[in-house]
Amino acid sequence: MNHNVSFKAPWGSALKFITALCAIILIGIPLIGIFTGQHKDRLWILGMIVMPLSILIIASFFMIRGYALSGDTLLIHRLGWESKLNVRDLVSIEVDPEAMSRSIRTWGNGGLFCFAGLFRNKKLGSYRAFATDPKRAVVLKFPNRTIVVTPDKPEVFLESIKGLINI
């Protein structure tokens, strides 16, 4: 079996909508600030121009671009960097398109370029998400935590991990 397998992270309709809406707001505020603002007021410039554009730019670096399995490590590709998860201690893995349903975000990003951070729902309890399309959710359960990822081919992803760690 190939131990270096890559998966895309396609955006679901909710992520596309939320990102577009947030981008319009975060670009619109600076435009209003530029055309109507008090150009000599540093607080105005900071609040109306610098902060909204900073939020948009910083959030873009956290977008989920894809996933890769390399040995016993799951790499979550971001814009210019990656998060790493060791899957060696994985207890179970399942494809569940409803895993993120009715979730509450407790800390993290709820839709600007990704759904990432800490979430909670009745089905999974507390979990960490690295997601772009909840309908493609794959739930990885470890002894002390639960992770949700959303690769383009959830079933192939599941089989690839099972082949790596023999669960």
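The values are calculated or read from the model by the stated rules, or taken from the named source; none is laboratory data. A quick note: this is a predicted structure, and the numbers were derived from the prediction, not measured. Every residue, glycine as well, gets a Cβ built from its backbone with ideal geometry; the counts of neighbours run over all protein chains shown.
Looking for something in contact with a strand residue (DSSP E or B) (Cβ under 7 Å, 6 or more places away or on another chain), under 30 Å from Glu159 (Cα atoms) and at pLDDT 95 or above - is there at least one such residue anywhere in region 49-64? Yes, region 49-64 contains a residue that is in contact with a strand residue (DSSP E or B) (Cβ under 7 Å, 6 or more places away or on another chain), under 30 Å from Glu159 (Cα atoms) and at pLDDT 95 or above. When both residues are 6+ apart or on different chains and their Cβ atoms are under 7 Å apart, which pairs have a first residue that lies in region 133-156 and is over 11 Å from Met100 (Cβ atoms) and acidic (Asp, Glu), and a second that is modelled with pLDDT of 95 or more and surrounded by fewer than 20 Cβ atoms within 10 Å (Cβ to Cβ)? Taking only residues 6 or more apart or on different chains, the pairs are Asp152/Lys8; Asp152/Pro10; Glu155/Val95.
Here Trp107 meets the list (1) closer than 20 Å to Val5 by Cβ; (2) touching a strand residue (DSSP E or B) at 6+ places or on another chain (Cβ under 8 Å) almost entirely, failing just condition (1).
Selection of region 118-132 for residues being under 11 Å from Ile104 (Cα atoms) and either assigned to a strand (DSSP E or B) or touching a residue at least 60 places away in the same chain (Cβ under 8 Å) (or both) yields Leu118, Phe119, Arg120, Asn121, Gly125, Ser126, Tyr127.
Per the listing Ser70, Ser54, Ser60, the residue uniquely surrounded by fewer than 18 Cβ atoms within 10 Å (Cβ to Cβ), hydroxyl-bearing (Ser, Thr, Tyr) and closer than 30 Å to Leu164 by Cβ is Ser70. Annotation: of all residues in region 111-126 being under 26 Å from Ile57 (Cα atoms) and touching a strand residue (DSSP E or B) at 6+ places or on another chain (Cβ under 8 Å), the one that is surrounded by the fewest Cβ atoms within 10 Å (Cβ to Cβ) is Leu118. When Val87 is tested against (1) of a type in the set (A, V, I, L, M); (2) closer than 30 Å to Ile29 by Cα; (3) touching a Ser or Thr at 6+ places or on another chain (Cβ under 9 Å), exactly one condition is not met: (2). Taking each residue of region 91-111 that is of a type in the set (Ser, Thr, Tyr) and looking for partners that are modelled with pLDDT of 95 or more and assigned to a strand (DSSP E or B) with beta-carbon atoms closer than 6 Å, six or more apart or interchain, yields Ser92/Lys141; Ser103/Phe119; Ser103/Asn121; Thr106/Leu118; Thr106/Arg120. Per the listing Glu159, Glu155, the residue uniquely under 16 Å from Lys8 (Cβ atoms), more than 17 Å from the chain's Cα centre (by Cα) and among the charged types (D, E, K, R) is Glu155.
The set of residues from region 32-51 being among the aliphatic types (A, V, I, L, M) and surrounded by fewer than 12 Cβ atoms within 10 Å (Cβ to Cβ) comprises just one member, Leu43.
Looking only at residues of region 65-92 that are over 17 Å from Ile147 (Cα atoms) and over 15 Å from the mean Cα position of the chain (by Cα), we find that the one that is modelled with the highest pLDDT is Ser70. Within region 1-51, if we keep just the residues that are without any contact (Cβ under 8 Å) to a residue 60 or more places away in the chain and in contact with a helix residue (DSSP H, G or I) (Cβ under 6 Å, 6 or more places away or on another chain), the residue that is nearest to Ser160 (Cα to Cα) turns out to be Leu26.
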